[in-house]
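Heads up, the thing below is written out as structure tokens.
The values are calculated or read from the model by the stated rules, or taken from the named source; none is laboratory data. Here the structure is a predicted model, which means the values were calculated and not measured. Positions of Cβ are backbone-derived with ideal geometry, glycine not excepted, and every protein chain shown enters the neighbour counts. With ligands, DNA and RNA removed, areas are computed over all heavy atoms of the protein, side chains included. Shrake-Rupley method; radii C 1.70, N 1.55, O 1.52, S 1.80 Å.
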Amino acid sequence: MGAEARRRWWVNRTAMVVVWVAASVGIWGGLHWYIRSESMRKAHEGLVSMCEERARMLQDQFAVSVNHVHALAILVSTFHYEKHPSAIDQETFAYYTARTSFERPLLNGVAYAQRVLHAERELFETHQGWTIKTMKREPSPMQDEYAPVIYSQETVSYIEALDMMSGEVLPYLGLVIFLSAAHLVVLFYSGGYVPSNFYAGGSREHFASEGHRQSSPHNPFRLLGSNHLGVVLTFPVYRSGLPADATIEQRVEATVGYLGGAFDVESLVENLLRQLAGNQDIMVNVYDVTNTSEPLIMYGPPYGYMSVSHVSMLDFGDPFRKHEMKCSRYRQKPPIPLSAITTPSGVFVICMLVGYILYAAWSRYDSVKEDCRKMEELKVQAEAADVAKSQFLATVSHEIRTPMNGVLGMLDMLLETDLNFTQKDYAQTAQVCGKALIALINEVLDRAKIEAGKLELEAVPFDLRSILDDVLSLFSSKSREKGIELAVLVSDKLPEVVIGDPGRFRQIITNLVGNSVKFTERGHIFVQVRLAENPYVAMKAKANGALNGGLHDKGETIFRRSFNTLSGLEVADGRSSLENFKLLLSDEKPFSSVSESEMAYKKDFDNVTLMVSVEDTGIGIPFHAQDRVFTPFMQADSSTSRNYGGTGIGLSISKCLVELMGGQISFVSCPNVGSTFTFTAVLQRCQRSAVDDTKRTLSESLLIAFKGMNAVLVDRRPVRSSVTVYHLKRLGISVEVVGTVKTALDAFSRQDGHLRSGKQPSLLLVEKDSWNSGTDAGLRDHLLKCKQNGQISQVPKMILLVTSESDRANFGAFFDTVIMKPLRASTIAACFQQVLEGGHPQREEKANGSAFLRSLLVGKNILVVDDNKVNLRVAAGVLKKYGAKVECAESGRDALALLQLPHKFDACFMDVQMPEMDGFEATRQIRLMESTANDQIKNRALTPEGSGRAERHLPVLAMTADVIQATYEECMKCGMDGYVSKPFEEEQLYQAICKFLVSKSVYNS
């Protein structure tokens, strides 16, 4: 990422952060406003409900008071004017109003003033016994009519005899009665003066016309001192008989008095709020809004926080005046709701967290994107490096193998000439070193294939026992030189032929046996193969000490018992004891060592899981080096390579091959005792037809010749004798094992000289360890004596089994023949045939040996193409040795010139890397010419003269020192039929050409 791109990235990132924070703040503000608005809306809804409730109750309380005052007016009219004499007096009125005051809680007192005309004044005063007085307590002056108070509630009894129409205002403690224009005004105040401009309002006509239906309230008054406001309720009292539809004049004429009471608005509201819970939550104001420009406050403070308020109209019964009640939710500005702070703040924090997560995810995405970009670059580099590595390996392999092919080829041809002993030894030594170098190159290439994941296993039928015999033959001379036992034992329960990769299986066995031969100077090397009933049990072995004897803390071996092993020496793995070896022969396991989970293991009948162990009594592996045994190019110490040779790569390759075969490998090792390597491999069972085909490739003539024969084996070691019996049974020979020569003589001395099986033995095999030249030298004479006595019909052939050439020279004179170990079925059969027929042993030849190769190549025309003249001479020499007619070409163009149709060649060996035109391009051109010719043949086949002609196809085999997988795939892609790596080997050459030349000869026949 450049500097400019990095700067843009940072600017974009900063801008996004700022926008996100601003958006979060905006969300906080919007949510805060919304919550506050919702809070105020809910408060307003509650306020409306409470205010309407209070207004309704105020109206109800006022209506109740009005009804009771009206009822009192009817009471006065009924019992004072309709009864003669009157049923009401002052005492009765005072008593009644006092007892019923609870019905008028909002009225401080009531009083009744009788209407008295001037003509009736004298009679009225005589009747009452007092004089009508003004507010100043003076006799009332003369006027048209008077309204003196004749009945009053006890609380206002001091106004009795006062003329309510005197027009004078006097201060009283309690009630002030002001009567003017036929109106009675009762006003309550608490200490103070009624203002001189007190206005009662209204007219007699209005009052008379409205009084019969309802009270007549007047405009409110403000009392001095308390500032309480109230209205006056006045009810006219009529004579009886007034019609319902009376006119105003009739009503005025029928009026006989006035009943009045003071209605205190402030006291009404106070009482109402005291009755209601939550009155502290709202503030109530009552206004007289008759004059809307200057409303008069009747109750409540003049100011308040009116942002949340509601107005309810009040009806005090006067259609000419208007009253309203205004309710406010708060007396002062309400505080901000806590939720309006906490909720937006929480959402803000969440937004910031989400922003941080998005920011981190964005950063992580950019980081991962950058990492992916770098990984892509590294991938390209790695792929380029892999290609370069493969090309390097191909080049190095080719450059090394090309001269090595010449060296080994010339050495091979040199050994075919007449050489003296010294010259032949030198040539053989050089050949061995060259083959070792080729083997090292193959191991390095195998390791490279494994690391690249390009190593693929074959799946072909093969004879497991034959491969093991071949491996033993590779190391037979070395084991004889060292005088060590080299043996193999395969369980009878294993199938004869399995499907797998025989080459890689042989490579694993060869590596393990080769290491054992390299590091073993005494004792034995024992290869055991059996069915792995439960491979997980077999792989539990771990180097934790000498399992046969045990170890001190310092690692010293303690020998506590004798060892029933192949050579009698101690081995590292205690499972190789005699008891376990017997279990190997029967393929059974001791139940004491099998857990429930192992008992539940189910065999897969489509697969065969082999367990192979390679046991030796060599120097062992030091404990500190056991953890790196399978590490490539690692050895126990620096002296190992100097003393024993090797590169330390064989075991790592074996481990990888075992894992490719679906198995595991482990080992048990103890210094100065030995090592046991055990591995498993999963192979497939083979069909019967494939088994038969594989058997036909073996030389069975010798094996069939010995079926039904009997033999006696003298061997005191049970394990070793079991190995010998295994090989003899492969030939069909029944064997009886005895421990000493004396026991064998006793067997021959029985009646008729028969064995326990009832048959007379034809062979007597004796292990060198069980032979004593001093005491057993007369064995042949004793057998001849038994024949003369008629105990046996013939003297059995005596055969000695030895492990070294020195033993053969020392004891061979006492026996008919000597068999050198390691034992193999083919060598035993050849030896038995020799000794039984009395002839010379036949030379063993495999089906792919020189004779078969000669039979394939003799008379065949072969074209060899190679730019290296030395390799050209070697290839031509090898092919001519087997009778082929060889022509050479040094380039692809020369080969094309020779292969112009029609040509005489039966096969072509083509080098891959050549100048001008390589082998790949040359093969493509050959296939193109053949394709054109075959098309013409198909067209001619439609005519009678063109029928019967075969299509042309020349077998082209790649001949190169490059053996990596990529080269093989390229060979197959360009049209080649096979692959022959340099240097040539007899078996490889046979396998490469047999399927082409044999099939061609059959077709031509």
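Taken over segment 857-875, the criterion of being open to solvent by less than 10 Å² (accessible area, probe 1.4 Å), over 15 Å from Thr960 (Cβ atoms) and in contact with a strand residue (DSSP E or B) (Cβ under 6 Å, 6 or more places away or on another chain) is satisfied by Ile862, Leu863. Quick check on segment 968-982. Is at least one of its residues open to solvent by 70 Å² or more (accessible area, probe 1.4 Å), of a type in the set (Ser, Thr, Tyr) and at pLDDT 65 or above? Within segment 968-982, one or more residues are open to solvent by 70 Å² or more (accessible area, probe 1.4 Å), of a type in the set (Ser, Thr, Tyr) and at pLDDT 65 or above. Screening Val156, Val149 for residues that are within 20 Å of Ala98 (Cβ to Cβ) and not in a helix (DSSP H, G or I) leaves exactly one candidate, Val149. Quick check: anything in segment 652-667 of a type in the set (A, V, I, L, M, F, W, C), in a strand (DSSP E or B) and at pLDDT 90 or above? The answer is yes; a qualifying residue exists. Considering each residue of segment 862-884 in turn, none proves to be at pLDDT below 75 and in contact with a helix residue (DSSP H, G or I) (Cβ under 7 Å, 6 or more places away or on another chain).
If you filter segment 465-496 down to residues that are assigned to a loop (DSSP other than H, G, I, E, B) and farther than 28 Å from Arg685 by Cα, you find that the one that is least open to solvent (accessible area, probe 1.4 Å) is Ile484. Scanning segment 19-68 for residues that are open to solvent by 60 Å² or more (accessible area, probe 1.4 Å) and hydroxyl-bearing (Ser, Thr, Tyr) yields Tyr34, Ser49. When the residues of segment 702-731 are filtered to those that are at pLDDT 85 or above and small (Gly, Ala, Ser), which remaining residue is farthest from Val488 (Cα to Cα)? Within segment 702-731, the match that is farthest from Val488 (Cα to Cα) is Ala711. Taken together, Arg329, Arg321, Arg251 contain a single residue that is closer than 30 Å to Tyr151 by Cβ, modelled with pLDDT under 85, of a type in the set (Lys, Arg) and open to solvent by 10 Å² or more (accessible area, probe 1.4 Å), which is Arg321. Would you check if there is a residue in segment 71-88 being touching a Pro at 6+ places or on another chain (Cβ under 9 Å) and modelled with pLDDT of 85 or more? Yes, there is a match, as at least one residue in segment 71-88 is touching a Pro at 6+ places or on another chain (Cβ under 9 Å) and modelled with pLDDT of 85 or more.
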